[in-house]
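The values are calculated or read from the model by the stated rules, or taken from the named source; none is laboratory data. The structure displayed is predicted, hence computed values, not measured ones. Cβ placement follows ideal geometry from the backbone for every residue including glycine, while neighbour counts extend to all protein chains displayed. With ligands, DNA and RNA removed, areas are computed over all heavy atoms of the protein, side chains included. Shrake-Rupley method; radii C 1.70, N 1.55, O 1.52, S 1.80 Å.
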Amino acid sequence: MTTTRTQFIQPLVDRCLLVLPELVGINLYTYQMEMADRIFFSLLIGDAEEITIEATRQGGKSEALADCTATAMVILPKLAFIYPHDPVMKKFLSGIEIGIFAPIDEQADTIFGRVEDRLTSPHAKTFMSDPEINEEAHKSGNELTMRNGSVCRRQTAHAKAKIESKTYHLIILDEAQDADSTKVRKSIHPMAVATAGSIIKVGKPAPYKS
């Protein structure tokens, strides 16, 4: 990763962080913005990183991830349109594909439901009605889609679930401490290989006997 590349990307990350509160209508705390900063940087620099986030219950991690996801779905295709020849940015020209996983479907719905709320709220609709944005979100089953091609999909990481065949630019694994390790390695990780996607594993402290 060159210094020149980082100098080009960081201003774009800063713009994403400015758009986030304007879109969702919520001002995140500093530590939540640090999460969002790292996620946007990973996506825009194309480092294909596996990022871990550990936070206590009710620590605001789901809120930060949902707001970051909603913002990425709106802003990254716009940035890709501005920089269509950039080797990393061009993969978002047809939208960003995001998969939200958790050990059980109900847990995955925690972040997914908030993404839906943020993109379909009156505040977001007003923001996206601007002619320069011109976006709208639609939900169908376990998917949220946008006009720009962005998709956010809710899936389970249960050991017996058949979840292969999808490809994502961003994977969020919530309650990662309870996910089946074999399912994560063999079924979920490969979904980000073709895109050099980013994988976010978020959870809370859990006791294990060793």
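Percent of accessible area on the range 137-210 owned by carbon and sulfur, 1.4 Å probe?
Numbers: 1920 of 3780 Å².
Whole-percent figure for carbon plus sulfur exposure: 51.
Report the FRET efficiency, 1/(1 + (r/R0)^6), for residue 189 and residue 110, where r is their Cβ-Cβ distance and R0 is 22 Å, rounded to 0.05.
0.50
In this model, which of 166/201; 166/204; 90/162; 166/186 are farther than 22 Å apart at the alpha-carbon?
166/204; 90/162
Hey, what do the phi angles of the range 177-190 turn into as Karplus ³J(HN,Hα) couplings, whole Hz, using 6.51/-1.76/1.60 and θ = phi - 60°, x for Gly and Pro?
These are the phi-based 3J(HN,Hα) values: 5, 9, 6, 6, 4, 5, 4, 5, 5, 8, 10, 8, 3, x Hz.
Taking the chain as the reference, fit the longest principal axis to its C-alpha atoms, fit the long axis of helix 30-45 to the helix C-alpha atoms, and give the angle between the two in degrees, 0 to 90, nearest 10.
80
Would you give the gap between the C-alpha center of the range 110-154 and the C-alpha center of the range 1-60, rounded to a whole Å?
After rounding, the separation between the Cα centres reads 19 Å.
If the only charges are +1 at each Lys and Arg Cβ and -1 at each Asp and Glu Cβ, what is the size of the charge dipole of the chain around the Cα centre, to the nearest 20 debye?
Numbers: 24 positive and 27 negative charges, 114 e Å.
About 540 debye.
Pull up all non-local amide H partners of residue 136: gap of 5 or more, or a different chain, and H-to-H distance under 5 Å with H placed in the peptide plane.
Amide H to amide H, under 5 Å and 5 or more residues apart or across chains, residue 136 pairs with 147, 148.
Quick one: Debye curve from the C-alpha atoms of the range 143-210, no solvent, what's log10 I(q)/I(0) at q = 0.18, 0.25 Å⁻¹?
Treating every Cα as an identical point scatterer, log10 I(q)/I(0) equals -0.74, -1.23.
List the pair-distance distribution P(r) of the chain, using every Cα-Cα distance, as the percent of pairs falling in each 5 Å bin from 0 up to the bin containing the longest distance, rounded to whole percents.
Spelled out per bin, shortest first, that is 1, 7, 16, 21, 21, 17, 10, 5, 1, 0, 0, 0.
Which value, in Å², gives the accessible area per residue of the chain when a 1.4 Å probe is used on the protein heavy atoms?
Ligands and nucleic acids excluded, the result is 50 Å² per residue.
Setting aside same-chain residues fewer than 8 positions from residue 139, which aspartates and glutamates have a Cα under 15 Å from its Cα?
Straight-line reach from residue 139, under 15 Å: 97, 109, 116, 117.
May I ask you to work out the translational diffusion coefficient for the range 86-171 at 25 °C, viscosity 0.890 mPa s, via Stokes-Einstein with Rh from the Kirkwood sum over Cα pairs, reported in whole µm²/s?
175
On a straight-distance basis, which aspartates and glutamates could pair with residue 160 in a cross-link, Cα separation under 16 angstrom, same-chain partners fewer than 8 positions away excluded?
Straight-distance partners of residue 160: 105, 106, 178, 180.
Between residue 163 and residue 180, 0.36 nm times their residue separation minus their Cα-Cα distance comes to what?
Values: separation 17, 0.36 × 17 = 6.12 nm, distance 1.32 nm.
So the chain would gain 4.8 nm between residue 163 and residue 180.
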